[in-house]
Amino acid sequence: MSKQPQKDRALATLLSSVLADDNGSITPPIVQSSLFAFQDYQAFEDRMAGRSDQPIYTRVQNPTVAAFETIMASAENGAAAIGFASGIAAISSTLLAFLQPGDRVACVEHVYPDTYRFMERMLRPFGVQVSYHSVSQFETDPELLCDVKVAYLESPNSVMFQPMNLMQVSEHARKHGVVTMIDNSWASPVFQTPIDLGIDIVLHSASKYISGHSDTVAGVVISSQDHISRIRDLTLPLLGAKLAPFEAFLLTRGLRTLSARMKQHQATANLFVDRLASLPEVRKINSPGANDVPGLRGRAGLMSLEFDDSVDIPKFSDALQHFRLGVSWGGFESLILPARVGLAQAGEKNSMQHFGVPPNLVRLNLGLEDAEDLWADFTNALRTSVA
Ligand SMILES: Cc1ncc(COP(=O)(O)O)c(C=O)c1O
C-alpha cells in the first residue's frame, strides 16, 4: 500500500458515512417515485422559478440518486455529481454537453473501445473533429492542445494501461482553455483524484469498482458546479440516460466497501506483478502502481500482460478454473480477456484493431478471491498450455 494513510482513512470514512433520514435509517431509502407532488401552488411556482430545489421528476432529480451523487462528489473532491444509466451514458452525455460541430477533441490512444466508437460513429458524423495522441504526446507537447475544445483522457488507458502525468497535461490544457475530461474508472477515487491534479471533469463507469458486485450497470460524472449544471440542464434531461433509484442504492452500498476492496485488489495485483516478472513466458506486464505518475496512489486489480509465442492462449484460457472468460471488470470475480478475441471482432474496425494491440496480450481482472488460489490457477493453466 502506498503511503497515503491520511487520505485513505478520510475517504474510507466518507464512503461509509451514514445518510441519515428521519427514521434513523443508515442506508438511503429507495424512493421509487417518478414524480414529486407539491404542497400548494406557491411551492410549485417557487420550484419552477428556481427559488427552491424540491425534486420534480426522477428523470432529473431523485433523492436516492442524489444521496449517491453527494458521496461521489465528495470522494472525487468535486463540487457536484450526476449519476447516469451507464458509464457510456455518462461519457456521451458529458461530451455532448460541451461540443458543437466544428469543435475538436484530442483523445488518448487505447481509449475504452465504446468511447472510441462514440467518437468515430457519433461525434465525427456530427462534425466534431477527433484526433488521437499517445500518452507521451499529451505529456510532452504543450502545443498539442492548441485549438482543441476537449481533451479526453484515461489514466491509465484501457488494455495497455499506460499511466499519464495528469498534472502536466492539465497545465497544458489550462494554457489553451481546454476542458479536460478523464475516465477514472480504473483507479477509483481511492487511488486517484484527478480534480486535485487540475482535471476539470471526472467520469466513471460505476459498473466497475464503485459497484464492485457485477450486478449493476451505471455511470457518474463529477466536476465543478458550473460544469455539472450545464450537463444537468442539457444532456441529462434531453438525452434522458438517468440513473435509476434502485441502481443508486446498490452503488451507495458498493461505496461502503470500496476502500477495503481496493486494498485487497491491490494486494493480489502486487503479488501477481512480483511473480509474473520471473516467469519466462511473460514478456511484458502492463500494471501501473503507486507513484508511477504524480497523484497515483495504488495499483488496481485490472492489468494486462504479454506472453511469448510459446503460450497457446486459447488452451491457457480454457484451462483456468477460477478466472472466468468475459468482458467488464471491477467486480469480486476474476476474469480473463484475451486480446485475440477483441482483434477477431467482426464489423467496423474497433479500437484494439485501430490502435494495434499485441495479439499475445491478455487482460486480467484480479478479483477478491484468495490470491494464492488465483496464482495457483494461473500457473497450472500456463503449465498445460506451453508448447
Ligand atoms: C474504462 C471504461 N470506461 C467506460 C466503460 C463503459 O461503462 P459501462 O459499461 O458502464 O457503460 C467501460 C466498460 O467496460 C470501461 O472499461
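Only the coordinates and a few stated rules stand behind these numbers; no lab work does. What you see is a predicted model, and the numbers here were worked out from it, not measured in a lab. Note that each Cβ is placed from the backbone with ideal geometry, even for glycine, and that neighbours are counted across all protein chains shown.
Which percent, to the nearest 5, of DSSP beta bridges fully inside the range 258-385 are antiparallel?
85
Each residue of the range 211-223 in order: what ³J(HN,Hα) in whole Hz does its phi give by Karplus 6.51 cos²θ - 1.76 cosθ + 1.60, θ = phi - 60°, with x for Gly and Pro?
6, x, 10, 6, 10, 9, 10, 6, x, 7, 10, 10, 6
When DSSP assigns beta bridges and you keep just the ones with both residues in the chain, what percent turn out antiparallel, to the nearest 5?
Bridges in the chain that DSSP calls antiparallel: roughly 60 percent.
At most 11 other C-beta atoms within 10 Å and a DSSP loop state: those are the exposed GluC sites (Glu not before Pro) I care about. Give me the longest piece of the chain that has none.
Excluding the exposed sites themselves, the longest stretch runs over 144-347.
At R230 and K175, where each label point lies 7 Å from the Cα along Cα→Cβ, what is the point-to-point distance in nanometres?
Here the modelled spin labels are 2.2 nm apart.
What relative contact order, as a whole-number percentage, does the chain give when Cα pairs under 8 Å and 6 or more residues apart are counted?
18
Comparing S278, S229, S328, which has the greatest mean-square fluctuation in the GNM of the chain with Cα pairs linked when under 10 Å apart?
Most flexible of the set in this elastic network: S278.
Measure up K175/K263; K242/K284; K315/K349; K149/K263 against 30 Å on the Cα-Cα distance and list the ones that go over.
Correct reply: K175/K263; K242/K284; K149/K263.
Which whole-angstrom value gives the distance between the alpha carbon centres of the range 179-207 and the range 66-133?
If we compute the Cα centre of each part, the gap is 12 Å.
Multiplying the sequence separation of A260 and Y57 by 0.36 nm and subtracting their Cα-Cα distance, what value in nm do you get?
Separation in residues times 0.36 nm, less the Cα-Cα distance, equals 69.6 nm.
In a solvent-free Debye calculation with one equal scatterer on each Cα, what is log10 I(q)/I(0) for the chain at q = 0.07, 0.10, 0.11, 0.12 Å⁻¹, listed in the order of the q values?
-0.33, -0.66, -0.80, -0.94
Pop a pseudo-label 7 angstrom from the Cα along the beta-carbon direction at both A37 and E372 and give the gap in nm to one decimal.
6.2
Find how many whole Å separate the alpha carbon centroid of the range 301-353 from the alpha carbon centroid of the range 216-250.
If you average the Cα positions of each part, the centres end up 31 Å apart.
Within the set of other residues whose C-beta is less than 15 Å from the C-beta of E120, count the net charge using Lys and Arg as +1 and Asp and Glu as -1. It would help to have the intermediate numbers written out before the result.
Values: positive: R104, R117, R121, R124, K349; negative: E109, D114, E348.
Here the count lands on +2.
As a check on your grasp of the helix formula, calculate [θ] at 222 nm for the chain: sum -39500 (n - 2.57) over DSSP H runs of n ≥ 4, divide by the residue count, round to the nearest 500.
My calculation for the chain gives -11000 deg cm²/dmol from helical runs alone.
I'd like the trypsin sites (Lys or Arg not before Pro) in the range 247-349 restricted to DSSP loop residues with at most 16 other Cβ atoms within 10 Å, sorted by number.
Numbers: sites: R253, R256, R261, K263, R275, R283, K284, R297, R299, K315, R324, R340, K349; in loops: R297, R299, K349.
Passing both the DSSP loop test and the Cβ count: K349.
Do any trypsin sites (Lys or Arg not before Pro) in the range 3-89 lie in a loop, going by DSSP, with at most 16 other beta-carbon atoms within 10 Å of their beta carbon, and if so which?
K3, R51, R59
For every other residue with a beta carbon closer than 15 angstrom to the beta carbon of R230, add +1 if it is Lys or Arg and -1 if Asp or Glu, then tell me the sum. Please report the intermediate quantities before stating the final value.
Values: positive: K149, R232; negative: D103, D200, D226, D233.
Taking every Cβ under 15 Å from that of R230, the sum is -2.
Quick one: grab the alpha carbon gyration tensor of the range 225-276, order the square roots of its eigenvalues as a ≥ b ≥ c, and give me rounded if a/c is under 1.5, else prolate or oblate depending on whether a/b is larger than b/c.
Cα axes put the range 225-276 in the prolate bin.
With 10 angstrom as the radius, rank H204, H265, H354 by how many other C-beta atoms surround their C-beta, starting from the fewest.
Fewest to most other Cβ atoms nearby, the residues stand as H354, H265, H204.
What does the charge count near N365 come to, summing +1 for each Lys or Arg and -1 for each Asp or Glu among other residues with Cβ under 12 Å from its Cβ?
On the way: positive: K208, R324, R363; negative: E333, E369.
Once all neighbours under 12 Å are counted, the net charge is +1.
Would you work out if the range 1-137 is rounded, prolate or oblate? Take a ≥ b ≥ c from the square roots of the eigenvalues of the alpha-carbon gyration tensor; rounded if a/c is under 1.5, else prolate when a/b is larger than b/c, oblate otherwise.
Numbers: a/c = 2.79, a/b = 1.35, b/c = 2.07.
Since a/c reaches 1.5 but b/c is at least a/b, the shape of the range 1-137 is classed as oblate.
With labels modelled as points extended 7 Å from the Cα through the Cβ direction, what inter-label distance (nm, one decimal) is found for D215 paired with D141?
Here the modelled spin labels are 4.7 nm apart.
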